[in-house]
Amino acid sequence: MKDIYFPSHDGRTTIHACIWKPEGEIKGVVQIIHGMAEYAARYAPFAEFLASNGFLVCADDHLGHGQSVYTKQDYGYFNKQGEPSMVIADIRALHLAVKKQTEGKPYFILGHSMGSFFCRKYISLYGGEFDGAIIMGSGFKDALTLNSALCFVGISSFFRGARHRSGFIKKLAFGSYNKKFKPARTQNDWLSKNTDNVDKYEADGLCGFSFTNNGYKVLFGIIKDACSQKTIDAVPKDLPVYFVSGADDPVGDYGKGVNKAYNKFVKAGVKDVNVKLYEDARHEILNDDCKEQVQNDILNFINSHIK
């Protein structure tokens with residue numbers, strides 16, 4: 001793994017990114033967009049698997065995550081404006097840099113969890129530049145729910161400031177996620193059936209931090225945008241899209257939200273869109289007991305869509 005750095009579009013922060021290169025000729029590129037309260041290097045086992053199969057893999061730490069922070073107080077804080085567009089711009093910067101270096105090789109994009117919604121927005125803007133998109137650990141929320149959540153964030157920000165970490169909003173967003181897995185061993189049992197993965201997540205100081213009001217504004221904002229009909233309609237009709245999630249993932253409403261997003265893409269006219277739900281798997285399917293099957297399924301999707 002190679003570490004690279006470039007200036008963020010916030011004009012303040014240096015973005016950290018990871019590059020995994022295959023030993024031989026580069027067959028194609030996979031860019032990963034990571035999820036909430038985690039970071040790019042957590043995808044090393046998956047990236048190494050892809051690299052062993054000839055693919056260059058790249059991923060950046062979003063603003064407020066991993067090594068892309070100005071100070072430790074910036075964890076869970078994106079940018080002064082509270083706009084998802086700045087995260088999109090940093091994803092774009094890495095995309096263009098890697099694309100230039102790989103000289104027209106097939107290029108795929110994968111987004112997990114929060115990153116899946118950034119990915120869905122990104123392919124609505126730049127989908128014509130990809131050979132396929134993998135939407136992992138995603139779902140669907142209606143505008144009314146997200147507007148209500150944004151309203152709570154706005155009120156909290158007004159009284160407590162953009163950097164306040166609201167326990168109420170955290171509970172509102174994630175308080176129900178463990179209900180299906182009672183008696184819960186930890187607060188993060190919903191992440192994975194694999195207890196070792198949950199324990200590693202909880203022991204990792206760069207994971208599981210609380211978001212600020214600013215962070216929730218960006219999170220709810222990108223989910224709202226990604227689920228809007230306007231964004232879905234803008235996805236290129238000939239872009240292959242593959243939805244993959246755990247059947248027991250609360251982010252995807254235990255499959256219902258994933259299937260709703262899939263159906264929205266189908267109705268929008270996207271010609272090559274498929275969905276796979278992994279039985280008895282939760283949110284982090286790349287770290288759950290089904291991870292080998294997930295890796296191979298994604299590799300098969302990529303290989304089958306190399307032009």
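The values are calculated or read from the model by the stated rules, or taken from the named source; none is laboratory data. Remember, it's a predicted structure, so these values are computed and weren't measured experimentally. Ideal geometry is used to build each Cβ from the backbone, glycine not excepted, and the neighbour counts take in all protein chains shown.
Name the residues in segment 81-96 that are within 14 Å of the chain's Cα centre (by Cα), surrounded by fewer than 22 Cβ atoms within 10 Å (Cβ to Cβ) and not aliphatic (A, V, I, L, M), would you? Matches in segment 81-96: none. Residue count for segment 261-274, restricted to those that are outside any loop (DSSP other than H, G, I, E, B) and either aromatic (F, W, Y) or in contact with a helix residue (DSSP H, G or I) (Cβ under 9 Å, 6 or more places away or on another chain) (or both): 7. With respect to the conditions (1) crowded, with 16+ Cβ neighbours inside 10 Å; (2) within 17 Å of the chain's Cα centre (by Cα), D253 falls short on a single one, namely (1).
Please verify whether segment 223-244 includes one or more residues that are hydroxyl-bearing (S, T, Y), in a helix (DSSP H, G or I) and more than 19 Å from the chain's Cα centre (by Cα). Before you say what the answer is, go through the steps one by one.
The first filter runs over segment 223-244 and keeps only residues hydroxyl-bearing (S, T, Y), leaving 228, 231, 242.
So of that shortlist, the ones also in a helix (DSSP H, G or I) come out as 231.
Filter again for more than 19 Å from the chain's Cα centre (by Cα), leaving none.
No, segment 223-244 contains no residue that is hydroxyl-bearing (S, T, Y), in a helix (DSSP H, G or I) and more than 19 Å from the chain's Cα centre (by Cα).
Is it the case that some residue within segment 257-267 is touching a Lys or Arg at 6+ places or on another chain (Cβ under 7 Å) and within 19 Å of C119 (Cβ to Cβ)? The answer is no, given that none of the residues of segment 257-267 is touching a Lys or Arg at 6+ places or on another chain (Cβ under 7 Å) and within 19 Å of C119 (Cβ to Cβ).
Restricting the first member to segment 59-80 and to residues that are under 17 Å from H112 (Cβ atoms) and touching a residue at least 24 places away in the same chain (Cβ under 8 Å), and the second to residues that are outside any loop (DSSP other than H, G, I, E, B) and polar (S, T, N, Q), the beta-carbon pairs closer than 6 Å and six or more apart or on different chains are D61/S68.
A Cβ distance below 6 Å, combined with a sequence gap of six or more or placement on separate chains, defines the contacts here; from segment 146-168, residues that are at positive phi and of a type outside the set (V, I, T) reach no residue that is at pLDDT 95 or above and not in a loop (DSSP other than H, G, I, E, B).
Picking from Y216, Y254, which residue would you name as being part of a helix (DSSP H, G or I), at pLDDT 95 or above and among the hydroxyl-bearing types (S, T, Y)?
On the way: Y254 fails: part of a helix (DSSP H, G or I).
Just a single option satisfies the conditions, and that option is Y216.
Looking across segment 219-250, the residues that are in contact with a strand residue (DSSP E or B) (Cβ under 8 Å, 6 or more places away or on another chain) and among the hydrophobic types (A, V, I, L, M, F, W, C) come down to V235, L239, V241, F243, V244, A247.
Only residues that are crowded, with 22+ Cβ neighbours inside 10 Å and over 17 Å from the mean Cα position of the chain (by Cα) were counted across segment 274-289, and they come to 1.
Got a sec? Which strands (runs of 3 or more DSSP E) wholly within segment 1-80 have at least 3 residues that are crowded, with 17+ Cβ neighbours inside 10 Å and of a type outside the set (D, E)? Full working, then the answer.
Numbers: elements: 2-7, 14-20, 28-33, 55-60.
Per the criteria, 14-20, 28-33, 55-60.
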